[in-house]
Amino acid sequence: MQINEMIRDKEILVIDADGTKLGVMSARDAQKIAFEKNLDLVKIAPQAKPPVCRILDYGKYCFEQQKREKEARKNQKVVAIKEIRMFSAIDTHDFETKVNQAIKFLSAGDKLKVSVRFRKRAIAHPQLGEELLVRFKEACAEVGTVEKPPKMEGRSIVMFVSPKASK
């Protein structure tokens with residue numbers, strides 16, 4: 001952004017601090033007006049014909065812009081991807097614990113990556129892992145929906161679950 005002496009255009013459209021148009025004038029005349037008011041001349045639309053400049057307090061303008069950006073970042077929700085790993089031969093209590101953990105993550109608004117890992121010769125029975133993921137999906141149905149269905153990746157089956165939209 002160009003300010004004060006950096007503006008070297010012959011003619012510019014000048015807007016006053018209160019928003020009134022002062023008209024088309026030379027950059028030097030506009031700088032004099034800004035200097036008399038103890039403000040800065042800032043080029044806000046360089047691509048326009050003629051370029052548009054505004055008389056304002058540049059320090060205050062930068063501060064307010066930073067404040068707006070900070071507020072926008074504060075209102076942004078960062079979605080984390082949590083992972084839950086299980087094995088194809090999992091006990092019922094362990095399964096319930098994983099489901100409770102998944103419900104907690106989904107309620108907090110996080111996405112889930114649920115993977116069932118196969119050890120040694122268990123890879124010969126991938127249908128067991130798929131059945132386990134179907135049971136898991138049914139157990140989490142009230143707080144989450146399946147984003148990507150179960151898919152075999154190497155020695156594990158992976159499924160992605162996202163939280164349901166809140167009403």
Where nothing but the Cβ of Lys and Arg (+1) and of Asp and Glu (-1) is charged, how large is the charge dipole of the chain around its Cα centre, in debye to the nearest 20?
560
Ordering Glu64, Glu36 by the accessible surface of their heavy atoms, 1.4 Å probe, largest first, yields Glu36, Glu64
Ranked order, Met86, Met6 - accessible area, probe 1.4 Å, largest first
Met6, Met86
Lysines with Cα under 20 Å of Lys67, excluding same-chain neighbours fewer than 8 positions away
Lys77
Once phi is turned into θ = phi - 60°, what whole-Hz ³J(HN,Hα) does the Karplus curve with 6.51, -1.76 and 1.60 give for every residue of region 108-116, x standing for Gly and Pro?
7, x, 8, 8, 10, 10, 9, 10, 10
Over region 50-140, give the accessible area per residue in Å² for a 1.4 Å probe, as an integer.
69
Region 72-147 - Rg and Dmax from Cα coordinates, angstrom
14.4, 52
Rounded to the nearest whole number, the per residue volume of the convex hull around the C-alpha atoms of the chain in Å³ is 191
May I ask you to list the residues of region 30-49 whose amide nitrogen lies under 16 Å from a point 7 Å from Cα along the Cα→beta-carbon direction of Arg8?
43
Once you place label points 7 Å from the Cα toward the Cβ at Val24 and Arg85, how far apart are they in nm?
6.9
Would you give the gap between the C-alpha center of region 22-92 and the C-alpha center of region 130-166, rounded to a whole Å?
41
Ignoring everything but the protein chains, give the 1.4 Å probe accessible area of Val134 in square angstrom, nearest 10.
60
Ignoring any ligand, DNA or RNA, what whole percent of the accessible area of the chain comes from carbon and sulfur when the probe is 1.4 angstrom?
51
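The values are calculated or read from the model by the stated rules, or taken from the named source; none is laboratory data. For clarity, every value in this text was computed on a predicted model and none was experimentally measured. So basically every Cβ, Gly included, is an ideal-geometry build from the backbone, and we count neighbours across all protein chains shown. Each accessible area value is taken on the protein alone, full model and side chains, heavy atoms only, with ligands, DNA and RNA left out. Shrake-Rupley method; radii C 1.70, N 1.55, O 1.52, S 1.80 Å.
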